1. Yes or no: A94 touching a residue at least 60 places away in the same chain (Cβ under 8 Å), crowded, with 16+ Cβ neighbours inside 10 Å and either farther than 23 Å from Y106 by Cβ or in contact with an Asp or Glu (Cβ under 9 Å, 6 or more places away or on another chain) (or both)?
2. Count, please, the residues in the range 9-61 that happen to be among the aromatic types (F, W, Y) and within 18 Å of the chain's Cα centre (by Cα).
3. Do you know which residues across the range 97-114 are open to solvent by 70 Å² or more (accessible area, probe 1.4 Å) and at pLDDT below 80?
4. Looking at I92, I125, I50, which is the one that is among the aliphatic types (A, V, I, L, M), modelled with pLDDT under 95 and touching a strand residue (DSSP E or B) at 6+ places or on another chain (Cβ under 9 Å)?
5. Pairs needed: first member in the range 29-47, open to solvent by less than 60 Å² (accessible area, probe 1.4 Å); second member anywhere, of a type in the set (A, V, I, L, M) and not in a loop (DSSP other than H, G, I, E, B); C-beta distance under 7 Å; at least 6 residues apart or different chains.
Amino acid sequence: QASLQVLRGTWNKTSNPFLRLIASPFRPSVPVVRKITLSRPSYSGYRRPITSWLFFDGTEDELNQSTELILDFPGGGFIAMDPTHHEERLRIWAKKTKRPVLSVDYGKAPECMSTFFFSKTASFILKN
């Protein structure tokens with residue numbers, strides 16, 4: 001039986017700098033790739049900032065004029081994989097759709113139990 005650490009290690013393999021280097025020639029190029037970090041409001045019970053990644057195949061001016069957005073919540077079984085592990089797919093979406101793609105890095109279980117609860121609830125609904 002695989003442990004949480006084994007699953008994360010396997011799924012997060014694209015964090016390895018050598019594997020990223022080997023894959024880089026196959027990664028689609030987009031001019032706008034930006035990490036966005038938002039502080040939570042002071043009244044929030046959570047302290048961890050919200051981190052997301054923006055991908056756009058256009059100029060900064062075109063991005064500023066954009067009125068549509070693709071919002072993505074990537075993951076690997078709600079326990080691993082942030083937006084950087086889905087970078088190739090997100091870049092392809094940005095190129096094919098010509099729209100900004102914003103991918104949110106949400107808290108993973110078991111550290112963030114609300115995500116774990118959501119996962120269990122979704123699993124229950126899908127099975128029934």
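The values are calculated or read from the model by the stated rules, or taken from the named source; none is laboratory data. Computed from a predicted structure; not experimentally measured. Please note: Cβ atoms are built from the backbone with ideal geometry, for glycine as well, and neighbour counts cover all protein chains shown. Side chains included, ligands, DNA and RNA excluded: accessible areas come from the protein's heavy atoms. Shrake-Rupley method; radii C 1.70, N 1.55, O 1.52, S 1.80 Å.
1. yes
2. Result for the range 9-61: 4.
3. If the condition is that a residue be open to solvent by 70 Å² or more (accessible area, probe 1.4 Å) and at pLDDT below 80, then E111, M113, S114 are the ones that fit.
4. I50
5. Listed pairs, sorted by first residue: V30/A94; V32/L54; V32/L63; I36/L54.
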